[in-house]
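Student: Dumping the structure here so I can ask a few things about it.
The values are calculated or read from the model by the stated rules, or taken from the named source; none is laboratory data. The structure presented is a predicted model; accordingly, all values stated were derived computationally and were not measured. Virtual Cβ from ideal backbone geometry, glycine too; neighbours counted across all protein chains shown. Heads up: the accessible areas ignore ligands, DNA and RNA and are worked out on the full protein's heavy atoms, side chains in. Shrake-Rupley method; radii C 1.70, N 1.55, O 1.52, S 1.80 Å.
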Amino acid sequence: MTDTSGSAGSRASAEAAVLSYDEALRAIAERGRYGIRLGLGRTRALLKALGDPQHEVRGALVTGTNGKGSVLALAAAAARAAGLRVGATPKPHLVTYRERLQLNGRPVDATTFARLVGEVLPFADRIARRHGEPTEFELLSAVVFRWFAEVRPDVALVEVGLGGRLDATNVWDGGVAAITNVDLDHMDRLGSTIAAIAREKAAIIERGDHAVTAATGDALTVIRRRARRLGVPLVEVAAPPILGWDRDGLDVDLPRLGPTRIGLRGRHQAINAATAHAILDALGAAGIADVPDEARRRGFAAATWPGRLELIDRGGQSILLDGAHNPAGAAALATALEDLRPHLGRRGPHPLEPLTVLTAVAADKDVAGIVAALAGSPALEMATILCTQFDDPRALPAALLAAAWSRAGAPTHQVEAVPDWREGLARALDTASGTIIVTGSLYLVGAIRALLVDDPDLADPLT
């Protein structure tokens with residue numbers, strides 16, 4: 001790898017804005033006014049001005065409708081168990097932007113984050129005159145790759161933000177391209193059919209890559225065509241047999257590994273584990289990183305993924321956090337609730353007390369599809385549904401979400417609109433006799449997790 005301390009690095013240091021952490025956050029938030037603008041021109045120009053730091057690291061770029069974060073969490077845990085230094089970019093963040101820059105499972109510290117933002121901002125302003133203002137996500141992508149060039153992880157695991165072809169992360173070709181699955185989501189930007197969305201995601205496969213996918217049907221046809229045209233070897237992942245599950249994870253029979261413990265909940269994690277396993281094989285085949293089988297077993301068993309079927313305890317009260325924000329994710333949660341139902345306890349001894357659901361969704365999501373997937377779950381037949389909204393203009397009003405649940409067949413006396421999510425959480429904690437399910441939006445899950453989980457790594461400096 002080349003040294004990044006030369007001219008580009010020196011220019012960035014010389015021009016850097018010296019920012020406090022709060023000032024860095026405000027600068028990023030200010031970029032939010034530019035919205036989501038797909039395209040690679042601004043990010044390429046920004047990274048070129050920074051000396052193309054993305055070329056200093058290799059690894060896997062992962063896209064897909066669902067499962068990206070779980071796959072990253074599993075692959076990263078296995079690579080760490082092998083003694084590798086692992087850079088990862090899970091997104092979106094739950095509590096702090098710093099979660100998007102991780103080394104060995106820990107987010108970047110606040111001082112370094114502020115410095116990196118200060119170094120990138122002047123270049124963002126410079127390229128804006130010709131290419132337009134970089135968005136929040138584009139700025140953060142540049143920050144990620146600049147940091148990776150500094151810390152030099154042995155392997156990088158980068159999650160695509162939206163789609164693939166025009167996502168800012170697609171300026172990077174790490175050597176391995178992975179597509180978890182393809183379903184209908186973000187149809188206003190990616191296309192109205194599975195095949196159209198698959199074409200957007202398949203575009204992360206570049207000549208010279210090793211590719212992995214767990215997609216099926218029309219999506220797999222599109223991905224095969226892309227890989228074949230570019231002469232890229234493609235590994236097609238099938239769901240492995242599930243040997244059993246319990247309150248804390250599941251056991252699957254993975255190729256070559258045999259019976260393997262997975263430390264993530266939900267039967268959908270079987271295919272995610274198989275995909276992570278295939279990505280690790282691809283990293284080895286590409287000469288990027290070697291993760292022995294025993295390290296994979298240890299890593300998969302130890303893997304965690306906050307906010308995704310994460311079960312926490314608060315004074316004897318079980319709370320399940322899951323950011324199911326599209327119909328496929330909601331269907332996976334519904335299935336998981338049925339599987340976990342016998343294992344979900346309460347303050348008392350009986351595990352089958354009615355559940356309480358605290359839910360919020362963004363107005364631009366498929367609200368009807370999400371609600372229908374959850375409302376049809378037998379596990380929620382007697383549940384109390386508290387509909388709320390998170391602190392963002394994109395949030396669907398609580399009353400409209402409650403109406404969607406009623407239209408889906410939930411009895412009126414079981415559904416209540418509580419516009420203030422803090423009041424909704426307090427109501428759930430005070431009245432729930434069984435487990436509380438927090439779902440529908442990662443914004444809601446993140447806000448509630450920040451209140452309930454004391455995680456020093458995610459605590460931002462006090463202002």
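Student: If you check LEU452 against the conditions, is it over 22 Å from PRO90 (Cα atoms), among the aliphatic types (A, V, I, L, M), surrounded by fewer than 22 Cβ atoms within 10 Å (Cβ to Cβ) and in contact (Cβ under 8 Å) with a residue 24 or more places away in the chain?
Tutor: Values: over 22 Å from PRO90 (Cα atoms): no; among the aliphatic types (A, V, I, L, M): yes; surrounded by fewer than 22 Cβ atoms within 10 Å (Cβ to Cβ): yes; in contact (Cβ under 8 Å) with a residue 24 or more places away in the chain: yes.
Judged against the criteria, LEU452 is not a match.
Student: From the list ALA219, ALA198, ALA211, ALA239, which one is at pLDDT 95 or above, assigned to a loop (DSSP other than H, G, I, E, B) and either under 22 Å from the mean Cα position of the chain (by Cα) or more than 25 Å from HIS277 (Cβ to Cβ) (or both)? Break it down stepwise before answering.
Tutor: Numbers: ALA219 fails: assigned to a loop (DSSP other than H, G, I, E, B); ALA198 fails: assigned to a loop (DSSP other than H, G, I, E, B); ALA211 fails: assigned to a loop (DSSP other than H, G, I, E, B).
Answer to the check: ALA239.
Student: Can I ask one more? Here's a check for you: in the stretch 178-195, which residue that is in contact (Cβ under 8 Å) with a residue 60 or more places away in the chain, within 17 Å of LYS68 (Cα to Cα) and not in a strand (DSSP E or B) is least open to solvent (accessible area, probe 1.4 Å)?
Tutor: Per the stated criteria, the residue is THR180.
Student: I would also like to ask the following. Suppose we filter LEU61, LEU47, LEU72 for residues that are in contact with a strand residue (DSSP E or B) (Cβ under 8 Å, 6 or more places away or on another chain) and part of a helix (DSSP H, G or I); which single one remains? Even if it seems obvious, please write down each step before you answer.
Tutor: On the way: LEU61 fails: part of a helix (DSSP H, G or I); LEU47 fails: in contact with a strand residue (DSSP E or B) (Cβ under 8 Å, 6 or more places away or on another chain).
Being in contact with a strand residue (DSSP E or B) (Cβ under 8 Å, 6 or more places away or on another chain) and part of a helix (DSSP H, G or I) holds for just one of LEU61, LEU47, LEU72, which is LEU72.
Student: Right, another one. For the stretch 386-395, enumerate the residues that are farther than 7 Å from ALA360 by Cβ and open to solvent by 20 Å² or more (accessible area, probe 1.4 Å).
Tutor: Within the stretch 386-395, ASP391, ASP392, PRO393, ARG394 qualify.
Student: Just name the residue that is nearest to the chain's Cα centre (by Cα) out of those in the stretch 94-116 that are within 16 Å of ASP454 (Cα to Cα) and open to solvent by 40 Å² or more (accessible area, probe 1.4 Å).
Tutor: Of everything passing the filter in the stretch 94-116, VAL95 is nearest to the chain's Cα centre (by Cα).
Student: I need the full set of residues from the stretch 58-67 which are at pLDDT 95 or above and open to solvent by 10 Å² or more (accessible area, probe 1.4 Å), in order please.
Tutor: Correct list: ARG58 only.
Student: If I filter the stretch 405-449 down to residues being polar (S, T, N, Q) and in contact (Cβ under 8 Å) with a residue 24 or more places away in the chain, which single residue comes out as surrounded by the fewest Cβ atoms within 10 Å (Cβ to Cβ)? Can you show your working first?
Tutor: We begin by selecting, within the stretch 405-449, every residue polar (S, T, N, Q); these are 406, 412, 414, 431, 433, 435, 439, 441.
Now narrow it down to the ones that are in contact (Cβ under 8 Å) with a residue 24 or more places away in the chain: 414, 431, 433, 435, 439, 441.
Numbers: GLN414: 18, THR431: 11, SER433: 14, THR435: 25, THR439: 26, SER441: 26.
Here the answer is THR431.
Student: Let me ask something else. Mind checking whether some residue in the stretch 368-385 is of a type outside the set (Gly, Ala, Ser), within 30 Å of ARG106 (Cβ to Cβ) and surrounded by fewer than 22 Cβ atoms within 10 Å (Cβ to Cβ)? Write out each step before concluding.
Tutor: Going residue by residue through the stretch 368-385, those that are of a type outside the set (Gly, Ala, Ser) are 370-371, 374, 378, 380-382, 384-385.
Now drop any that are not within 30 Å of ARG106 (Cβ to Cβ), which leaves none.
No: the stretch 368-385 contains no residue that is of a type outside the set (Gly, Ala, Ser), within 30 Å of ARG106 (Cβ to Cβ) and surrounded by fewer than 22 Cβ atoms within 10 Å (Cβ to Cβ).
Student: Only one residue in ASP322, ASP293 is open to solvent by 40 Å² or more (accessible area, probe 1.4 Å) and at pLDDT 95 or above, so which one is that? Show your work before the answer.
Tutor: Values: ASP322 fails: open to solvent by 40 Å² or more (accessible area, probe 1.4 Å).
On inspection, the qualifying residue turns out to be ASP293.
Student: Okay, moving on. Quick one: how many residues across the stretch 296-314 are open to solvent by 10 Å² or more (accessible area, probe 1.4 Å) and under 16 Å from the mean Cα position of the chain (by Cα)?
Tutor: Of the residues in that region, 5 qualify.
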